[in-house]
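First up is the structure itself, then whatever we jot down about it.
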């Protein structure tokens, strides 16, 4: 239970930091802080609305859903990592 709480806290802090860093114009750092969402968004295909010589990609509602789906994914990954760390720490004398 503690791992899930800390996982949610870690998600809240990293996504909050990503938002603040994104406001400062550091898009790459924001994507690195919110990496689960960035990973899922990169898996959604982009529709080309430009020409073949000058392609232009546009986001779709699927990109928004992928971004939102990354938030519980991040909480689960962080919670699992914290759970394993706590379990390993408890085994050591």
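Take every Cα pair under 8 Å in the chain that's 6+ residues apart, average their separations, divide by the length, and report that relative contact order as a whole percent. Don't skip to the end; give the middle numbers.
Numbers: 92 pairs, mean separation 36.2, N = 93.
That works out to 39 percent.
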Contour minus end-to-end for residue 64 and residue 32, with contour as 0.36 nm per residue of separation and end-to-end as the Cα-Cα distance?
9.8 nm
By how many degrees, 0 to 90 and rounded to 10, does the Cα axis of helix 61-91 deviate from the longest principal axis of the chain?
20 degrees
I want to verify the translational diffusion coefficient of the chain in µm²/s; compute it with Stokes-Einstein, Rh as the Kirkwood radius over Cα pairs, at 20 °C and 1.002 mPa s.
143 µm²/s
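Report the calculated FRET efficiency for residue 52 and residue 88 (r = Cβ-Cβ distance, R0 = 35 Å), to the nearest 0.05. Each step should come with its number before you reach the end.
Values: r = 53 Å, r/R0 = 1.51.
It comes out at approximately 0.10.
Where a number appears in this text, it was derived from the coordinates with a stated rule and is not lab data. What you see is a predicted model, and the numbers here were worked out from it, not measured in a lab. Using ideal geometry, Cβ is built from the backbone for each residue, glycine included, and neighbour counts are taken over all protein chains shown.
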